[in-house]
Structures are given as C-alpha cells and as structure tokens.
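Student: Take this structure, written in structure tokens, and hold onto it; I'll ask about it next.
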Amino acid sequence: MNQVLQSGVKILVVDDEIDLEPLIRQKFRRQMRERIYDFEFAFNGLEALAKVLEFPEIGIVLSDINMPEMDGLTLLTKLKELKNPGLRTVIVSAYGDMDNIRIAMNRGAFDFITKPVNFEDLEITINKTLEEINLTRRSLEEHDQLVSIQQDLNVAREIQQAILPKVFPPFPMQHHFDVYASMVSAKEVGGDFFDFFQIDANRLGFVIGDVSGKGVPAAIFMAVSRTLIRATALKGVSAGECMYYVNNLLCNESVRSMFVTVFYGILNTSTGEVEYVNAGHNPPYLLSSSGIRKVEMTNGLALGILEEVSFQSKILVMNPGEKLFLYTDGITEAFNNELVAYGEAKLESFLNQCSGLPIETIIKDSLEDVNAFVGGALQSDDITMLAIAYNG
C-alpha cells in the first residue's frame, strides 16, 4: 500500500453531489493521514479535465455518469483522447445497467462500481487500479530505459566504427600493396577489430582481433586493445615485442577475465617479408596462383590471460601477386537454421575459387557467400575480414 504514495499517484473524484467529498475524506481519513491515498475533487467533467491537466500525477479518476456541463461518459471519451497510459478511470454511478457498463467500458473505463457505494469494495477497486497503474508506470520506465540504452548503443556503435579504418584505398600514393577490410557486428557494438598503419616508409603494420564476449564490455576492451597495439607498433618494435608489451598492459587492466585473440603482422613493402605473431587467433590464408594454404601458427597465447608471456614471431615471404586473407571466427562459426556451421572447409573452397580476384571483391563476395549459407538465421558473432595484397 505504501507504494501508492511513493509512486505519487493522485485519485480524482468527479461527482456533483456536494456531500460526497466529506464522506470520502471521513471514510478514508486513515489512508489520507498516512498518505496512502491522495485525493482531488471535481464537480463535473470540465472541472475534471482541468484537474487532470493541472495535476499530471493523477492516476485514477473515480467519475459519476450523470453530471452537469459534461457527463461521465463524455469525460471518458475526452480522457481517452489524452492517450495517457498511466491513467485509469473507474465509473461510480447509480446507473448500474448493462448499457451504461458497456458504453463506459467501450470508452475506456477500467472498472465500474454502482451506488450506493460499498466503501470496502471501493477500497479494493482503488487498490487493484493502483497496482495496475504502478505496473504500467514501471513498464513505461523500463521502456524509457531501454530506449536510452539503445541510443547509447547507437552512439557507441558510431564511435566504434569511427575508430576503425574505413577509407579505401587507404594509401593511394603507394603501389607496393593493397589493403581492404570489413566488419559486420552481430550486435549494435561488437568485440572484433582490424587496423593497419604505416610504421615507416617501408613497413606496414596490420592486425585483426576478436575479443571474448559481446556487447558494450567487449567493445570497450576492443577499443583499448586496438589503441594499445597501434600505439606500441608505431614505436617500431618487433611483432613479438609489441604483443609482449600489450599483453602485460591488458592483463593489468582486464576485467571479468576478458581476453583478445590477435594476429599481428609487419609487411616489408620492399621485400614482401612478413614478420608476424599469432596470439591465439584463427590462422590466416596465403592466396597464390598455385592455391591457398594456412599461415603457420606461432603458438602464442591470447592477450590478457597471463602476464610476462613471451611471443615468438615467424617470417613469411609474400611473392608479388600473393594475398593474405585474415578473418575472425564469425565466418567459420556462422550457423544456418539447421545449426550447421559454415566451417573452414567451405571457406577454403570459396577462397580457392576466388583467389585470383581483387581483395575487395574477395571480401565482399565472402560476406555474400556466408549470408547465402546462413539464410535468415540470426547472426551470432561479429564477422570481420582483412586482406593484404602484395604487388612487389
């Protein structure tokens, strides 16, 4: 009962009988004294409308039918036009016939009580109505909160998209390599990321990552990971040193046992040599005229799990015309409606067929192939791809 007061709901009594107000005040004096009920009074429909506008906290209208200037049924119609989901009207009238009950309910009445009023029954009706109002108001508050959260997620998505490279070709003045990438989040914001940057005139750094988890926490961890990797890599350190330094920082800052799988490579644009570290990520594919093959693993641990872990790098030499295709498990673990995964075999079959195409076409066609496979099934994970073509 005390929830009534806390919710700030007023009860408006509308009746032209002048002795009704003192009677209600007397019958409910304890509830009023304890501020369980809070009444306002009006003598006709016009006064009632003015009161409703004056006191937005009015949640219940107890209205007679037969009144001067504006009757109760007309008042019902006017109140319905206000489209206030937190307002309920209970008709209290001597005209307890089915016709008036039907008209009142059709015009939006929540309940109906006949005169002479049984105050115990009235109290039960008031309490039932207040419970309904409080439920409705809580639902509206939750809806507003969801709308606010959705707006925040939209802003977070815009921020996340803004920090990822999105202009292609990114380095139009050079001709030694081509880069293209794409990310499609499973939720408003996701945990996948990619990045690429020129470390110096002859070295291109590139990275793809997949944060454990989904939603805002993963997106925040993704932004931190991407920023640390870029900032460290631009110091010119080796791939292994970069992963070692970033891993220690993430272990110190990691919350909820979050971690990120990463493939980080440094392409020497003059020689085609790639120094790389695979920190628990899906192995990329090297695409050449003779076919495709997986890039050898370096057996590195995902970042953010264990401090002071060393990361061994390996060397891959790309010949002119060869391409690197990097991806996250959102591709291989994309499920159709029969819960069958896209899988590595289908990805490799696709890459074998398309290895000679430009990298932008490969990535766009790959996404189309995955979407065609899953059909209308809900996307369960972020889908991210990054491709590097070495031109020599």
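Student: Output the relative contact order of the range 75-124, whole-number percent, from Cα pairs under 8 angstrom with separation of 6+ residues. Intermediate results must be reported in sequence, preceding the final value.
Tutor: On the way: 44 pairs, mean separation 21.2, N = 50.
RCO, the range 75-124: 42 percent.
Student: What's the angle, to the nearest 10 degrees (0 to 90), between helix 343-354's Cα axis and the longest principal axis of the chain?
Tutor: Once rounded, one gets 60 degrees.
Student: Give the carbon-plus-sulfur fraction of the accessible surface of the chain in %, rounded to a whole number; probe 1.4 Å, heavy atoms of protein chains only.
Tutor: For the chain, the apolar C and S fraction of the accessible surface comes to 53 percent.
Student: If you don't mind, there's one more thing I want to ask. How big is D for the range 193-297, in µm² s⁻¹ as a whole number, if Stokes-Einstein is applied with the Kirkwood radius of its Cα pairs at 37 °C and 0.692 mPa s?
Tutor: 228
Student: To the nearest 0.05, what FRET efficiency results for Leu234 and Glu123 with a Förster distance of 56 Å applied to their C-beta separation?
Tutor: For Leu234 and Glu123, the calculated efficiency is 0.15.
Student: Still on this structure, please answer the following. To the nearest 0.05, what FRET efficiency results for Thr114 and His143 with a Förster distance of 35 Å applied to their C-beta separation?
Tutor: After rounding, the FRET efficiency stands at 0.45.
Student: Can you tell which of Glu132, Glu275, Glu158 shows the greatest fluctuation in a Gaussian network model of the chain with Cα springs below 10 Å?
Tutor: Highest fluctuation among the options: Glu132.
Student: In a Gaussian network model over the chain where Cα atoms closer than 10 Å are linked, find which of Tyr264, Tyr37, Tyr276 has the largest mean-square fluctuation.
Tutor: Maximum fluctuation in the GNM of the chain, among the listed residues, is at Tyr37.
Student: Pairs to check: Lys10/Lys78; Lys294/Lys323; Lys166/Lys294; Lys294/Lys346. Give those whose C-alpha atoms are more than 22 Å from each other in this structure.
Tutor: Lys166/Lys294
Student: A further question on this structure: As an exercise, use a Förster radius of 35 Å and the Cβ-Cβ distance of Asp200 and Asn252 to find the FRET efficiency, rounded to the nearest 0.05.
Tutor: E(calc), rounded to 0.05, equals 0.75.
Student: Whole-Hz Karplus ³J(HN,Hα) for the range 361-376, in order, using 6.51 cos²θ - 1.76 cosθ + 1.60 and θ = phi - 60°, x for Gly and Pro?
Tutor: For the range 361-376, the Karplus curve yields 5, 4, 5, 5, 5, 5, 5, 5, 5, 5, 4, 5, 5, 6, x, x Hz.
Student: Let me ask something else about it. Note the angle between two axes, namely the Cα long axis of helix 72-81 and the longest principal axis of the Cα atoms of the chain, as a number of degrees from 0 to 90, rounded to the nearest 10.
Tutor: Tilt of helix 72-81: around 10 degrees.
Student: Turning to a different aspect of this structure: With every protein chain left in place, what is the accessible area per residue of the range 208-262 in square angstrom, probe 1.4 Å?
Tutor: Using a 1.4 Å probe on heavy atoms only, each residue of the range 208-262 averages 42 Å².
Student: Between rounded, prolate and oblate, where does the range 1-138 land on the alpha carbon gyration tensor, with a ≥ b ≥ c its root eigenvalues, rounded for a/c under 1.5, else prolate if a/b exceeds b/c?
Tutor: Rounded is the answer for the range 1-138, as its axis ratio a/c remains below 1.5.
Student: In the range 173-217, whose amide N lies under 13 Å from the spot 7 Å out along Cα-to-Cβ of Val309? List them in ranges.
Tutor: 212
Student: Quick check: pseudo-label points 7 Å beyond the Cα along Cα→Cβ at Thr77 and Leu378, how many nm apart are they?
Tutor: 4.5
Student: In whole angstrom, and with the biggest value first, how far do the Cα coordinates of the range 257-392 range along each principal axis?
Tutor: So the three principal-axis extents are 43, 41, 19 Å.
Student: A further question on this structure: Angle between the Cα long axis of helix 239-253 and the longest principal axis of the chain, 0 to 90 degrees, nearest 10?
Tutor: For 239-253 against the chain, the angle is about 20 degrees.
Student: Using a Gaussian network model of the chain with C-alpha springs under 10 Å, which one of Ser290, Ser148, Ser310 is most mobile by mean-square fluctuation?
Tutor: For the chain, modelled as a Gaussian network with Cα springs under 10 Å, the answer is Ser290.
Student: Quick one: compute the contact order of the range 31-102, relative version, from alpha carbon pairs under 8 angstrom and 6+ residues apart, as a percent. Working shown, then result.
Tutor: Details: 65 pairs, mean separation 22.6, N = 72.
Answer for the range 31-102 is 31 percent.
Student: Extent of the chain along each principal axis, from alpha carbon coordinates, in Å, largest to smallest?
Tutor: On the principal axes, the chain reaches 99, 42, 39 Å in Cα extent.
The values are calculated or read from the model by the stated rules, or taken from the named source; none is laboratory data. Keep in mind that what you see is a predicted model, and the values were worked out from it rather than measured. As a convention, Cβ positions derive from the backbone with ideal geometry for all residues, glycine included, and neighbour counts pool all protein chains shown. In case anyone asks, the SASA skips ligands and DNA or RNA and just uses the protein heavy atoms, side chains included. Shrake-Rupley method; radii C 1.70, N 1.55, O 1.52, S 1.80 Å.
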